[in-house]
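Each remark here refers to the structure printed beneath this line.
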Amino acid sequence: MKFADNAPMEDKRHDIRNQCADLLDIHWVDSRGKVHDEFAALDDISPPGACIKMDRRIKIGTIVDLKYPGGKFVGQVIYCKREPIGYYIGVEFQEGYRWDRRKYKPEHLLHLGLKLVKGKK
């Protein structure tokens, strides 16, 4: 199984990340075919992806559904990092699923206007 628990996370997103807090229903099927439905805490979101916090890890490459009231995002797990309070899981949304604050606004949303670009200060 490929988990990136101890590997450094490289930030490859060039979009503005929005710090937020909300609970989403997450659905996925693991490599053994077991179906999982749990809640995840949304930590940040941008048009192409999101970071969620969970008590368990999810294998890199797994397709997940992140359900919010009135819709869902479908994406692929691109990192899973163990932290003292659980796991940070990065999800890159698949084509046709981009975040738009007019369609879904997390319960608590803080728009800082921070743009993270690898190699730039």
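The values are calculated or read from the model by the stated rules, or taken from the named source; none is laboratory data. Source: prediction; values computed, not measured. Glycine also receives a Cβ, built like all others from the backbone with ideal geometry; neighbour counts cover every protein chain displayed.
Answer yes or no: is there a residue in segment 8-22 that is assigned to a loop (DSSP other than H, G, I, E, B) and modelled with pLDDT of 90 or more. The answer is no, given that none of the residues of segment 8-22 is assigned to a loop (DSSP other than H, G, I, E, B) and modelled with pLDDT of 90 or more.
Taking the criterion of being of a type in the set (D, E, K, R) and within 11 Å of A40 (Cβ to Cβ), the only residue of segment 66-87 that qualifies is K67.
Residues in segment 88-114 that are among the acidic types (D, E), modelled with pLDDT under 95 and closer than 16 Å to A40 by Cα: E107 alone.
Does I85 satisfy the condition of being modelled with pLDDT under 90 and touching a Phe, Trp or Tyr at 6+ places or on another chain (Cβ under 6 Å)? Against the criterion (modelled with pLDDT under 90 and touching a Phe, Trp or Tyr at 6+ places or on another chain (Cβ under 6 Å)), I85 does not qualify.
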